[in-house]
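What follows is a short report on a single structure.
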Amino acid sequence: MSHVTGVVILNYNNAADTIACINSLYQNTTQSAYKIVVVDNGSTPHTTESIDRFIAGFDDHALLDETMPLPNSLPFISHLRLSKNLGYACGNNRAIELFYADKDVDRLLILNNDVLLTEDIITPLNADLDSLPDAAIVTPLLYKSDGRTIDHNCARRAPRLSEIFGLWAMLYRTTFGIMNRIYQAQYLLPTSTADERFLRVELPSGSCMMCDKELFRKIGSFDPNTFLYYEENILWEKIRPLGLHNYLDKRISCIHLGAATTKTKSTSAFIAHCLIDSTRYFIRRYTDAGVAYRAGLELFFALFRMKIGIKERWSAKKQ
């Protein structure tokens with residue numbers, strides 16, 4: 001069965017990684033039909049101009065913005081420029097809406113701009129969706145930038161409510177290694193992969209995953225009420241009631257240059273706000289957590305904001 005895959009690449013102020021990602025896709029994918037939409041999430045003019053110039057180098061291309069009507073057929077590669085940063089979910093959804101309107105496209109590949117392909121992943125992922133009748137999302141194995149170390153975020157189970165509560169009780173500090181142990185308990189891959197080809201996962205990595213277009217439309221795309229966190233958790237909560245599963249195909253792989261959670265890399269007030277809002281929304285909308293649980297989280301949210309505020313004021317004084 002032949003498929004046309006719509007590849008979504010979200011960019012924010014990182015033209016170099018985005019261009020490298022597209023080049024790796026173009027160089028390694030020769031057996032499958034696909035179309036690319038790069039979504040620029042309100043980047044600087046310098047970034048958008050760099051990507052415009054690169055995309056204009058392809059004969060079959062389009063430069064789009066929010067004021068234009070949705071085309072019903074896309075060229076090989078398009079650049080959709082948004083006027084502001086809409087976050088991961090809404091930014092990706094804008095490109096996905098373009099693919100919903102394109103009748104040629106029947107599969108979606110969500111690809112972070114910091115992913116590098118080292119082989120064709122589109123052809124085998126399409127074959128996986130064809131051969132696994134209960135598959136919702138399929139993903140490749142992800143390696144870190146060294147090409148050898150597994151990015152364990154590509155295969156996780158969903159966190160328990162107690163684990164989410166524990167992370168907030170620790171205020172996302174690494175004291176005594178407790179936070180790392182909570183994360184590690186959710187990883188499904190050992191240091192070296194086992195012999196079986198497919199691994200059922202609850203939370204695939206949002207940096208590289210493929211889904212049938214009509215199924216993604218059926219589950220309502222990415223929930224637009226999150227900005228940066230819990231997107232994969234929410235997808236699982238939408239997929240699970242349908243009796244479907246997510247799979248990791250360990251035969252194929254690519255490199256995720258980021259390969260680390262934003263939680264451990266940034267402590268800005270903006271990131272703290274995103275994490276708090278997404279956690280609050282996920283707990284309220286997609287879990288059965290009680291009043292006491294939610295009240296406890298609200299206390300931790302307030303303490304976390306205080307911690308970040310103190311840290312930022314201290315940093316400002318040192319400058």
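Derivation of every value follows stated rules applied to the coordinates shown; laboratory data play no part. Nothing here was measured: the structure is a model prediction, and the numbers come from that model. For neighbour counting, all protein chains shown are included, and Cβ atoms are generated from backbone atoms with ideal geometry for every residue, glycine included.
The per residue volume of the convex hull around the alpha-carbon atoms of the range 175-319 is 163 Å³. Nearest 10 degrees, 0 to 90: what angle lies between the long axis of helix 87-101 and the longest principal axis of the chain (Cα atoms)? Taking the Cα atoms of the chain, the angle to 87-101 is about 30 degrees.
Calculated on C-alpha atoms, the gyration radius of the range 269-318 divided by its Kirkwood radius gives an Rg/Rh of 1.11. Spacing of the modelled spin labels on Ala56 and Ser2, each 7 Å from Cα toward Cβ, amounts to 3.3 nm.
Would you calculate a helix-derived [θ] at 222 nm for the chain, using -39,500 (n - 2.57) for each DSSP H run of n ≥ 4 and dividing by the full residue count, to the nearest 500? Present the calculation step by step, with values, prior to reporting the outcome.
Numbers: 11 runs with 131 residues, N = 319.
The per-residue figure over the chain is -12500 deg cm²/dmol.
Report the charge-dipole magnitude of the range 154-304 in Debye, nearest 20, computed about the Cα centre from +1 at each Lys and Arg Cβ and -1 at each Asp and Glu Cβ.
Working: 20 positive and 14 negative charges, 16 e Å.
For the range 154-304, the charge dipole is close to 80 debye.
Each of Thr67, Thr279 was scored by other Cβ atoms within 10 Å of its Cβ. Listed from fewest to most, they are Thr67, Thr279.
Within the set of other residues whose C-beta is less than 12 Å from the C-beta of Leu64, count the net charge using Lys and Arg as +1 and Asp and Glu as -1.
Numbers: positive: Arg81, Arg94; negative: Asp40, Asp52, Asp65, Glu66, Glu97.
Summing Lys and Arg as +1 and Asp and Glu as -1 gives -3.
Rounded to the nearest 10 degrees, the angle from helix 269-286 to the longest Cα principal axis of the chain is 90 degrees. The alpha-carbon atoms of the range 185-225, seen along their principal axes, cover 35, 22, 14 angstrom, with the largest extent given first. Over the chain, the pair-distance histogram of Cα-Cα distances with 20 Å bins from zero comes to 31, 58, 10, 0 percent, rounded to whole numbers. Rounded to the nearest 10 degrees, the inclination of helix 15-28 to the longest alpha-carbon principal axis of the chain is 50 degrees.
Note on the chain: dipole from Cβ charges, positive end direction compared against Ser145, Cys90, Trp168; the farthest Cα belongs to Trp168. Each of Ile283, Met306, Tyr293 was scored by the projection of its Cα onto the charge dipole of the range 269-318, and the greatest displacement toward the positive side belongs to Met306; charges sit on the C-beta of Lys, Arg, Asp and Glu.
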